[in-house]
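**Student:** My questions will all concern the structure given below.
The values are calculated or read from the model by the stated rules, or taken from the named source; none is laboratory data. All values reported here derive from a predicted model rather than from experimental measurement. So basically every Cβ, Gly included, is an ideal-geometry build from the backbone, and we count neighbours across all protein chains shown. Please note that ligands, DNA and RNA were not included when accessible areas were found on the heavy atoms of the full protein model with its side chains. Shrake-Rupley method; radii C 1.70, N 1.55, O 1.52, S 1.80 Å.
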Number of protein chains: 2
Amino acid sequence: MSQPIVVPVALGARSYEIAIGPGLLAEAGQRISALAPKARLAIVTDANVAALHLATLTASLDAAGLEHQTITVAPGEASKSFATFAEVCEGLIATRVERGDLVVAFGGGVIGDLAGFAAAAVRRGMRFVQIPTSLLAQVDSSVGGKTGINSRHGKNLVGAFHQPSLVLADTQVLDTLSRREFRAGYAEVAKYGLINDAPFFHWLENNWQDVMAGGPARVEAIATSCRSKAGIVARDETETGERALLNLGHTFGHALEAVTGYNSARLVHGEGVSIGMVLAHEFSARLGLCSQETPSRVAAHLATAGLPTRIDQVPGGAGTAGELMNAILQDKKVKRGKLTFILTHGIGESFIANDVDPSAVTGFLEEKLAGAGKLGA
Amino acid sequence: MSQPIVVPVALGARSYEIAIGPGLLAEAGQRISALAPKARLAIVTDANVAALHLATLTASLDAAGLEHQTITVAPGEASKSFATFAEVCEGLIATRVERGDLVVAFGGGVIGDLAGFAAAAVRRGMRFVQIPTSLLAQVDSSVGGKTGINSRHGKNLVGAFHQPSLVLADTQVLDTLSRREFRAGYAEVAKYGLINDAPFFHWLENNWQDVMAGGPARVEAIATSCRSKAGIVARDETETGERALLNLGHTFGHALEAVTGYNSARLVHGEGVSIGMVLAHEFSARLGLCSQETPSRVAAHLATAGLPTRIDQVPGGAGTAGELMNAILQDKKVKRGKLTFILTHGIGESFIANDVDPSAVTGFLEEKLAGAGKLGA
């Protein structure tokens, strides 16, 4: 087998490893077999991933003598619905996988969240393996056990904390992503620098092209991201504190996704996060928490990497400040009327602010929307 | 406030108390307020319970100054569906209850299981209070954190382990149950004697009429049942071992419910458990594990209490042995082709048998069905 980078996630009895490197998909059978020798597997995937990569995965499982069945759902955010959740649960039960068997979430963030929640719920908890096939999923959603589906009132409002037993991140699989999808995932990579690792952000400023091109820089960037997330999750599994830092840029980002109707033609999650991170830094500067240069530097790097950084870059517009605020108030980071935002004192110096005045946010958004061209990066 | 019997459930950080006694509904406001002084409450109930008892509950909450909203679903097992789960989750999110607030499951076992699963899933876990209004729910489903809904393939196949923060069992509310509903819950009370407490079974043989009539014997029977369940759950929260004992009679019982289409006009859960417990004792006797007198004594007491004890008492019949076996194989207590049954060496001497041969069960069921009148109690 190859020698991937292995990042441990230390969660006591629920600890597991993330293996990161090229060619892991072809080794999935051996690696899963080492974890659960005679388990039967129920693979949950989407039609796009199945067309590109399912044959490689199943050949590897066959070679390892592992029985498997596949449940395929439609690609896209719309599958994070109650209806598809029901369909996947019923499908898993129909395969007659038992408590010792494994669910395999094989796809991007949507599949990981959906299949992970189904694995959490079927028989009140089945073991599962994450095989993330998007950059976003490899550095974010496949790590840390947050699973879930969307409510009509907002994203990820229904789900479970359910840790995988193993994560296999094949960095070569990312070559089949579109440039847009890769960049969207890159926003989450940059996030780890912005949260608490200024040297990593600096490294990305110098090496982002190598990360996109593939090879060791890509593996290193993904491993650094996973290590950062694993550390935070190990210290705060169920988000009673520090884990909220991972939401940097996400409150604004989720709101932008909501007002654009989760329409990926207009905005995908990572693009929302990119604009959201710039907004979070601009809002911090406006509150006098960091220098005016901080948001400019953040926006400059994300723009160079090909990501949107301004509200006026959302095709079709991003609604009114009122619509954005309504989406923010429906998000899950609300407590007793005060808003929780991740704000920052500078690059790599983010912190949790629990007492943000909603009217300050409204004022800020109104200003951004009114003079988007002028005030934006 | 009154002086109910309080049974602690010792689960570390997830510990909670079950309060048992008459008149607790009218004290719900004070007791919930003591637990969560400024929480907002989302009550989940069904139309029957709402008509009989909601005014008492909300008056008590109002007196304690607790804000509340109510989500009402249709009564009956059909509400333990993916569709109603989605409806309750969306309803809870629409009330804008936040993570520190409380979901109140106010009803029988269906409501407890459904609302409990929704509380587990919304925002990946909200606190909740169980106010069980049926005997079944007071002695079984409201205690121990098993929540869930039904799959088209079987009961309770989708859900979560999610412990309540408080259980309020008002024993007076049970006066509004039909005799049939009360008896169905009584099957679960008798179960605790059969599992591991022969003196309790003996006490029930002598005091069952007082339990049904109400007063101290009823409170005592419910408290003894809850103590028994709390002890088992504290030792094995997620059913990796001993907790399976609580399934005594349930593998057969669930199969009977499945083949009768979960039609409560034909069979309710407790009736299935009653017949199932007799079958489990008869099967144990057939395997030479206990005396022939044991199943006779079990059947005699349950029949005296007005419960069905034989397959041929199921209105419309209970299908073929093949249909029952198919339902058993879909149930969640299957492992590597061997069946797990709760069998017994005698009254109060049940144990987990992990290696029951399916063909022995089939043979036993064929015999029971062929000569139901002759071989039954």
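**Student:** Within the group B:94, B:10, which residue is surrounded by fewer than 20 Cβ atoms within 10 Å (Cβ to Cβ) and more than 23 Å from the chain's Cα centre (by Cα)? Explain how you work it out, then say what you get.
**Tutor:** Working: B:10 fails: more than 23 Å from the chain's Cα centre (by Cα).
Selected residue: B:94, the only one of B:94, B:10 that is surrounded by fewer than 20 Cβ atoms within 10 Å (Cβ to Cβ) and more than 23 Å from the chain's Cα centre (by Cα).
**Student:** Condition first: among the charged types (D, E, K, R) and either more than 8 Å from chain B (Cβ to nearest Cβ) or touching a Leu at 6+ places or on another chain (Cβ under 6 Å) (or both). Now tell me which residues in the stretch A:97-122 satisfy that.
**Tutor:** So in the stretch A:97-122, the residues among the charged types (D, E, K, R) come out as A:98-99, A:101, A:113.
Selection gives A:101, A:113.
**Student:** Enumerate the pairs (first residue in the stretch B:54-71 and under 18 Å from residue B:35 (Cα atoms) and open to solvent by 60 Å² or more (accessible area, probe 1.4 Å); second residue anywhere and at pLDDT 95 or above and of a type in the set (Val, Ile, Thr)) with beta-carbon separation below 8 Å, excluding pairs fewer than 6 apart on the same chain, so at least 6 apart or on different chains.
**Tutor:** Hits for this filter: zero, empty list.
Yes or no, residue by residue, for (1) open to solvent by 50 Å² or more (accessible area, probe 1.4 Å); (2) of a type in the set (Gly, Ala, Ser):
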| residue | (1), (2) |
| --- | --- |
| A:292 | yes, no |
| A:309 | no, no |
| A:321 | no, yes |
| A:343 | no, no |
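**Student:** Sticking with this one: For the stretch A:288-304, check the following and say yes or no: at least one residue is in contact with a Gly (Cβ under 8 Å, 6 or more places away or on another chain) and under 29 Å from residue B:124 (Cβ atoms).
**Tutor:** Scanning the stretch A:288-304, I find no residue that is in contact with a Gly (Cβ under 8 Å, 6 or more places away or on another chain) and under 29 Å from residue B:124 (Cβ atoms), so the answer is no.
**Student:** Give me the pairs, please: first residue somewhere in the stretch B:281-296 and without any contact (Cβ under 8 Å) to a residue 40 or more places away in the chain and among the aliphatic types (A, V, I, L, M), second residue anywhere and assigned to a loop (DSSP other than H, G, I, E, B) and open to solvent by 60 Å² or more (accessible area, probe 1.4 Å), beta-carbon distance under 8 Å, and either six or more positions apart or on two chains.
**Tutor:** Close Cβ pairs satisfying both conditions: B:285/B:292.
**Student:** Ok, one more. Please go through the stretch A:72-96 and pick out each residue that is among the hydrophobic types (A, V, I, L, M, F, W, C) and either away from every other protein chain (no Cβ under 14 Å) or farther than 22 Å from residue A:168 by Cα (or both).
**Tutor:** At the first step, the residues of the stretch A:72-96 found to be among the hydrophobic types (A, V, I, L, M, F, W, C) are A:73-74, A:78, A:82-83, A:85-86, A:88-89, A:92-94.
Residues satisfying the conditions are A:73, A:74, A:78, A:82, A:83, A:85, A:86, A:89, A:93, A:94.
**Student:** Restricting attention to the stretch B:130-162, report how many residues are within 13 Å of another protein chain (Cβ to nearest Cβ) and touching a Gly at 6+ places or on another chain (Cβ under 8 Å).
**Tutor:** Of the stretch B:130-162, the ones within 13 Å of another protein chain (Cβ to nearest Cβ) are B:144-162.
From what is left, the residues that are touching a Gly at 6+ places or on another chain (Cβ under 8 Å) are B:145-149, B:156-162.
Residues meeting the conditions: 12.
**Student:** Run residue B:186 past the list (1) hydroxyl-bearing (Ser, Thr, Tyr); (2) outside the structural domain of residue B:326 (by TED's automatic domain parsing); (3) buried (at least 24 other Cβ atoms within 10 Å of the Cβ) and report the number of the one that doesn't hold.
**Tutor:** Of everything listed in (1) hydroxyl-bearing (Ser, Thr, Tyr); (2) outside the structural domain of residue B:326 (by TED's automatic domain parsing); (3) buried (at least 24 other Cβ atoms within 10 Å of the Cβ), residue B:186 misses just condition (2).
**Student:** On to the next question. Quick one: in the stretch B:345-363, of everything that is in a strand (DSSP E or B) and open to solvent by less than 40 Å² (accessible area, probe 1.4 Å), which residue is nearest to residue B:298 (Cα to Cα)? I'd like the intermediate steps shown before the answer.
**Tutor:** Quick first cut of the stretch B:345-363, residues in a strand (DSSP E or B) only: B:350-356.
Retained after the next criterion (residues that are open to solvent by less than 40 Å² (accessible area, probe 1.4 Å)): B:350, B:353, B:356.
Numbers: B:350: 13, B:353: 20, B:356: 22 Å.
Checked the stretch B:345-363; the qualifying residue nearest to residue B:298 (Cα to Cα) is B:350.
**Student:** For residues in the stretch A:294-306 being open to solvent by less than 60 Å² (accessible area, probe 1.4 Å) and not in a loop (DSSP other than H, G, I, E, B), which is farthest from residue A:267 (Cα to Cα)? Don't jump to the end; show me each part of the working.
**Tutor:** Going through the stretch A:294-306, the residues open to solvent by less than 60 Å² (accessible area, probe 1.4 Å) turn out to be A:294-295, A:298-303, A:305-306.
Next, only the ones that are not in a loop (DSSP other than H, G, I, E, B) stay: A:294-295, A:298-303.
Numbers: A:294: 25, A:295: 21, A:298: 20, A:299: 17, A:300: 20, A:301: 19, A:302: 15, A:303: 15 Å.
Only one residue tops the list, namely A:294.
**Student:** Just give me the residues in the stretch B:11-50 being small (Gly, Ala, Ser) and in contact with a Leu (Cβ under 7 Å, 6 or more places away or on another chain), in sequence order. Don't jump to the end; show me each part of the working.
**Tutor:** The first filter runs over the stretch B:11-50 and keeps only residues small (Gly, Ala, Ser), leaving B:12-13, B:15, B:19, B:21, B:23, B:26, B:28-29, B:33-34, B:36, B:39, B:42, B:47, B:50.
If the condition is that a residue be small (Gly, Ala, Ser) and in contact with a Leu (Cβ under 7 Å, 6 or more places away or on another chain), then B:19, B:28, B:29, B:33, B:36, B:39, B:42 are the ones that fit.
**Student:** Just the residues that are open to solvent by 20 Å² or more (accessible area, probe 1.4 Å) and not in a strand (DSSP E or B), please, taken from the stretch B:141-162.
**Tutor:** Within the stretch B:141-162, B:141, B:152, B:153, B:162 qualify.
**Student:** I've got another one for you. Return the residues of the stretch B:97-106 that are surrounded by 19 or more Cβ atoms within 10 Å (Cβ to Cβ) and either over 16 Å from residue B:148 (Cβ atoms) or small (Gly, Ala, Ser) (or both); say none if nothing qualifies. Step through it out loud before you land on a result.
**Tutor:** From the stretch B:97-106, those surrounded by 19 or more Cβ atoms within 10 Å (Cβ to Cβ) are B:97, B:101-106; that's our starting set.
Listed by number, the residues that qualify are B:97, B:101, B:102, B:104, B:105, B:106.
**Student:** So, residue B:125, is that one within 14 Å of chain A (Cβ to nearest Cβ) and open to solvent by less than 10 Å² (accessible area, probe 1.4 Å) or not?
**Tutor:** Working: within 14 Å of chain A (Cβ to nearest Cβ): yes; open to solvent by less than 10 Å² (accessible area, probe 1.4 Å): no.
No.
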